[in-house]
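Remarks on the structure that follows.
None of the figures in this text is laboratory data; all of them are computed from the coordinates on show. The structure displayed is predicted, hence computed values, not measured ones. We place every Cβ from the backbone using ideal geometry, glycine too, and count neighbours over all the protein chains shown.
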Amino acid sequence: MNELKKYNKKSSIIHPFLFAIFPIMFLYSENIHLLPSTEIILPLIIVVGLSIIAYFSIGFILKNKNKAALIITLFLIIFFSYGHIYNIINTSDLENFEIFKHRYLLIPFFGSLVFGIIYFLKTKRKLDNATTITNFISCAIIGIILFNVIADITQDNFFGSTKLSENEKYLGVGASDETLFDLFFPSSQDQKNIDNLNNKLPDVYYIILDEYGSNNALEKFFGYDNSELTSFLEENGFFVVSESYSNYPTTIQSLAASLNMEYVNYLTEKAGKESKNFRMLNQILSDNKVMQKLHTEDYNIINMGSLWGPNNEFKNVNANICEFKEINRDSLLRELLQTSMISYLQEMLTYQGSRDRVFCIFDELPMLNQKFSSPKFVFVHVMLPHEPYIFGPNGENVNPGTSLDGKPWDPRKAHTDQIKFANKKIRILVDTLLSQNNNSIMIIQGDTGSAFNGDWDNPSEDLIIERMSNLNAIYFPNGNYEAFSEHVTPVNLFRIIFNEFFDANYTLLEDKMYWSTGSKPYAHKDVSNLLLEDNEI
């Protein structure tokens, strides 16, 4: 009873709770430019809540709160440091050594944890000094993290200048194209013309294959001949852009440009070249002009499989399909699990969820005509051939790092295997959709190409060419491709579509390509000359 009274005395122990907060705040500070602050709430509730329960439970059993606190802190440090060590090894030359696979690397971490717990259980020391030192360390690291978070927020002014006004969202900061006004505020005659077309408006399928490069890039960088697919598309009435490039090197920039029919360089003036803040890009992608326009024309807008970024949604959609109830690919909770000792299990569950989503997309797409009336706009985002490399060339289940044929793992071969699998599904899909309704517009496009060659911050010419080269194939039901050139870029795609099928009068923009990095998404470098003058690809 006396020991229980001692345990119940007030204590200055704070380190287990600060160490519970630390991995969450550290990951948030590393991804503050991508994630909204609300992302920290659920992980904090889970990790801190479990730490509190464990502290009082273990403390009650041991009748020693110092030991209970130190055991929990030791567990948190080892549990959440594992993934960081594994990731460091996995990005080094050591990744191919069997000893650094999960099943072996977990052994010393488990061993350290067991040894530490036994020590704290057996020691006769009061551990007051250890508690004081650990308290001080935990306060120091949390203080450093908070300082960095505040500095980043202050530098990028997240809650001020990076927020777009309603006028800026709809018309674009600094936009000079007068047709933007015409699109959203049409004259009465224009509106009448559109009304007359309502019964003839085509369904639109915008199918994004993530990191799917052009034929030339696949031949040059992978030694892979992809002409069989593009020949199939051309035989079925598609226009395949022969010298196709994306406007930007990342998904969010590329899609923000194509779905807003405008280059996103105007955001640089608002955010600044040094900004790392993706919030404005997320904002204009989520509430993009193409979906706004089609929404006003009573299109059924359907989103399939788009699970990137914290938004994880579009504003003007009628239905979201194949978005499985799993942890979002870019969420803080998922990142936290990937740094833990259960990261292997979490990876396996995620891989299966990714497989299920891909199969769901290709299974559900042909069923949309039965479920939704026309006209409809279907945005499809397929994580192929983008990693993780979880499919063989015929759709076989693959665990990244383990090849189907028992040979050493080759990421480039895994990439082309997923291209082969994607091609099989695309051929079936095209045949099905055209047989169902050949009065549809279909776009099959890579948001970007792959990126195996070089350093993003100091890109070689090869890396720029590889990353910016993308698949771009368009099907118009009337077969009129006069507005397309051999290097037309995605930013002009919907301008052409609205001109051709909605009696709009867009001026096509000059086709330009800009390089930037994930760390500085608004620092754009014009690489158009390099790409358009390259005659070898």
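Could you work out the per residue convex hull volume over the alpha carbons of the stretch 423-537, in cubic angstrom? Don't skip to the end; give the middle numbers.
Working: hull volume 16.5 nm³, N = 115.
So the per-residue hull volume is 144 Å³.
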Discussion item. Just to verify a number: FRET efficiency for K122 and Q352, C-beta to C-beta distance, R0 = 35 Å, to 0.05?
Written reply: 0.25
Practice prompt. May I ask you to derive the FRET efficiency for E461 and I14 from their Cβ-Cβ distance with R0 = 45 Å, giving the value to the nearest 0.05?
Written response: 0.25
Worksheet item: Rounded to two decimals, what is Rg over Rh for the stretch 207-533 when you use alpha-carbon atoms and the Kirkwood radius?
Response: 0.94
Worksheet item: Within the stretch 382-477, which GluC sites (Glu not before Pro) sit in a loop by DSSP and count at most 12 neighbouring Cβ atoms inside 10 Å?
Response: E396
Fill in: Low-density loop cleavage sites - trypsin sites (Lys or Arg not before Pro) in the stretch 259-306, where at most 13 other Cβ are within 10 Å (DSSP)
K273
Fill in: Subset of K289/K315; K273/K293; K67/K126; K376/K425; K200/K424; K67/K124 violating a 20 Å alpha-carbon distance limit
K273/K293; K376/K425; K200/K424
Worksheet entry | Additional length obtainable on full extension of the chain from I107 to E482, 0.36 nm per residue less Cα span | 128.6 nm
Worksheet entry | Pairwise label distance in nanometres, E235 with D363, each label 7 Å out on the Cα-Cβ vector | 2.9 nm
